[in-house]
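Q: Before anything else, here's the structure in question.
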Amino acid sequence: MPMNRVQFQQGLLMPDFLKQFGTEIQCEAELEQARWPQGFICPCCGHTGYSAFKVGSHKTFQCKDCRHQTSLIAGTLFQSTKLPLTLWFLAIYLISQAKTGLSALALKRYLGVSYPTAWLIQHKLMEAMSERDETYTLSGKVDIDDAYLGGELSGGKAGRGSENKVPFVAALSFDNEGHPLHIKLTPVPGFTSEAIADWAKANLTPGCDVFSDGLACFAAVTKAGCQHQAIVVGGRKPKEMLEFLWLNTVLGNLKTSLGGAYHAFGFAKYATRYLGAFAYRFNRRFRLDKLPMRLLVAAASIGPRSATWLRSAEASC
Ligand SMILES: [Zn+2]
């Protein structure tokens, strides 16, 4: 299967990673580059001249024009952290290279931090992944299906309408040769025409050719300027639906990932974040070696996400 190209790639070897990012100075230099690829820019006035010094353990910049001081981590996902950057970088490495995700408990063991700290690191980095992917829309040929967290994941008809499950739209785009490109896994209030129209406007590029099974609400993608074709599958089970083979394969991988790495988590509360992090990793599956640095750029760009904010259901769903 073409998936072998993903499974057998080398990724970034841990000795190489530690050689590059084993010291605080190396990590500071990389974060500075990720945050200001063209060099320091004052967040207040936009001036580029600065002097640098240490405040506590953190590198701090002072603008030569307006005198505003900003630390390297202020305004990033790492703002206010008491942890060394080497530990954050190691967490980024471990999370990005783990094929099926990494639980907070595993992170606690690897990093030697408390469970609440490991949970926060994990959720902050998953949030960075999830928010990064929200900025992209799918285009071209797209297969969509209804799926559920907390029960049957593969869009099985038995799951529809069941209680205590988080419904989400699973969508997969393809290139012209029929190879899968990108996925979107998005919790929705329910499978209604209104919810699907809203989802399509936010997640599809107008002009997409959308294929689904016969569930009526999917026709609402036309409200987002897309074409829609329903493939009626009758009473067949999802695994027998050749039309949606790739999408069902990805949902099967998701089920393995969530079952193996995360055990029980607040499905309803954190569904967006878990699904977003899975999709982020899938969408970059051919560049495993580049993933840590891309995640660092995402973390440097999205800004602070406090523990309170991360724990609130409103923030993540
Ligand atoms: Zn300034």
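Q: Within region 106-139, track down each residue that is closer than 29 Å to residue 222 by Cβ and free of Cβ contacts under 8 Å to residues at least 12 places away in the same chain.
A: Residue satisfying the conditions is 135 alone.
Q: Quick check: anything in region 8-21 acidic (Asp, Glu), within 16 Å of the ligand (Cβ to nearest atom) and either free of Cβ contacts under 8 Å to residues at least 40 places away in the same chain or touching a Cys at 6+ places or on another chain (Cβ under 9 Å) (or both)?
A: no
Q: Could you tell me which of the residues 280, 262, 270 is touching a helix residue (DSSP H, G or I) at 6+ places or on another chain (Cβ under 8 Å), surrounded by 14 or more Cβ atoms within 10 Å (Cβ to Cβ) and at pLDDT below 80?
A: Sole residue among the options that is touching a helix residue (DSSP H, G or I) at 6+ places or on another chain (Cβ under 8 Å), surrounded by 14 or more Cβ atoms within 10 Å (Cβ to Cβ) and at pLDDT below 80: 262.
Q: Return only the number of the condition from (1) in contact with a Leu (Cβ under 9 Å, 6 or more places away or on another chain); (2) within 16 Å of the ligand (Cβ to nearest atom); (3) open to solvent by less than 30 Å² (accessible area, probe 1.4 Å) that residue 31 does not satisfy.
A: (2)
Q: Please identify the pairs in which a residue from region 40-62 that is within 25 Å of residue 83 (Cα to Cα) has its Cβ atom under 9 Å from the Cβ atom of a residue that is buried (at least 16 other Cβ atoms within 10 Å of the Cβ) and of a type in the set (Lys, Arg), counting only partners at least 6 apart or on another chain.
A: 52/59; 53/59
Q: If you check residue 74 against the conditions, is it within 16 Å of the ligand (Cβ to nearest atom) and aliphatic (A, V, I, L, M)?
A: So residue 74 passes the test.
Q: Only one of these is open to solvent by 30 Å² or more (accessible area, probe 1.4 Å), within 14 Å of the ligand (Cβ to nearest atom) and more than 27 Å from the chain's Cα centre (by Cα): 45, 63. Name it.
A: 45
The values are calculated or read from the model by the stated rules, or taken from the named source; none is laboratory data. A quick note: this is a predicted structure, and the numbers were derived from the prediction, not measured. FYI the Cβ positions are ideal-geometry reconstructions off the backbone, even for glycines, and counts take in every protein chain you see. SASA here: full protein model, heavy atoms, side chains in, ligands and nucleic acids out. Shrake-Rupley method; radii C 1.70, N 1.55, O 1.52, S 1.80 Å.
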